[in-house]
1. For segment 1-29, what are the residues that are touching a residue at least 24 places away in the same chain (Cβ under 8 Å) and either small (Gly, Ala, Ser) or buried (at least 17 other Cβ atoms within 10 Å of the Cβ) (or both)?
2. Considering segment 202-221 alone, what residues qualify as being more than 19 Å from LEU164 (Cβ to Cβ), of a type in the set (Ser, Thr, Tyr) and in contact (Cβ under 8 Å) with a residue 24 or more places away in the chain?
3. Would you tally the residues in segment 233-256 being outside any strand (DSSP E or B) and exposed (fewer than 15 other Cβ atoms within 10 Å of the Cβ)?
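None of the figures in this text is laboratory data; all of them are computed from the coordinates on show. A quick note: this is a predicted structure, and the numbers were derived from the prediction, not measured. All Cβ positions, glycine included, derive from the backbone under ideal geometry; neighbour counts span all protein chains shown.
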Amino acid sequence: MKVFIARGTEDIGSFPREELPQLARTGTIRRTDTYWHDGMDTWEPVSDLLGRSVWEPGGDAAVDDSDSKPAAPPPRQKSASTLPPASADWRKIAAAFAGVLIAMIVAGVLLIKPETEPMEPAGTLRPVGDAPASRTSSTVVREKIAGELRQRIERLPKNATPPLNTYYFDVSIDVTETSTTRAPYAASIRGRENVVNPETGNITSQTEFTVTAEFAAGEWVYKTYRATTLNTEDRTTSTIRHDSNRLAPPVLVAMLGLKRADYSAPAPSPQN
């Protein structure tokens, strides 16, 4: 199960549930962070999920900075003829002492690690028990549904095998938010498709395509298909345009598992 971690309004990432204790011990996850996974309605403190003992000190020894403190300067050898006035000696001694004291304070600040984590500014933590922040919630949902579509793309054939003898490569996806509540997300899938002659092993056609879809009612729904195909035998090109209002969508639409919208109107005339 993937668990999403956030720190204030910053998305830390998603991790397998079993890796969270180790990430907490290494400091990647803090006890003040919040988490969310599929099935939850709100963000909750990650300490409720893992228990506060995960962050307890493991017996590490305190830093000993005694050797790192600057040593006092050795006494200077002066002859009776070169000794300065007594007031000048006191000023020099006070200045040297102040310098050593400042050096010790700076070394202590740099070497001594605070025992507790710094508190984040008030107002940056997500409210527990209320709905997640809208921006972060939207980002989590978009990443989730985009990940589902990427998994389908990963299942496309990468080698030409019967019966289609087709393979796909350079396939990318871009998921964006829309301004409609009916379909709050849209996707554009671009890539290349080659068809191979199974007898000769030669490529017979090369296609560059773009498929658009929208996420509505919890499903990815097919919208349009645009492609330019090069026939490698006679070096001619052709353009294919298809949308959800037409029958017989391209095979790629079915391979991606995109739902077809239901239309009761008579089928349009065949495409040009």
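1. Scanning segment 1-29 gives VAL3, PHE4, ILE5, ALA6, ARG7, GLY8, SER14, LEU20, ALA24, ILE29.
2. Once the filter is applied, which keeps residues that are more than 19 Å from LEU164 (Cβ to Cβ), of a type in the set (Ser, Thr, Tyr) and in contact (Cβ under 8 Å) with a residue 24 or more places away in the chain, segment 202-221 yields only THR212.
3. 8
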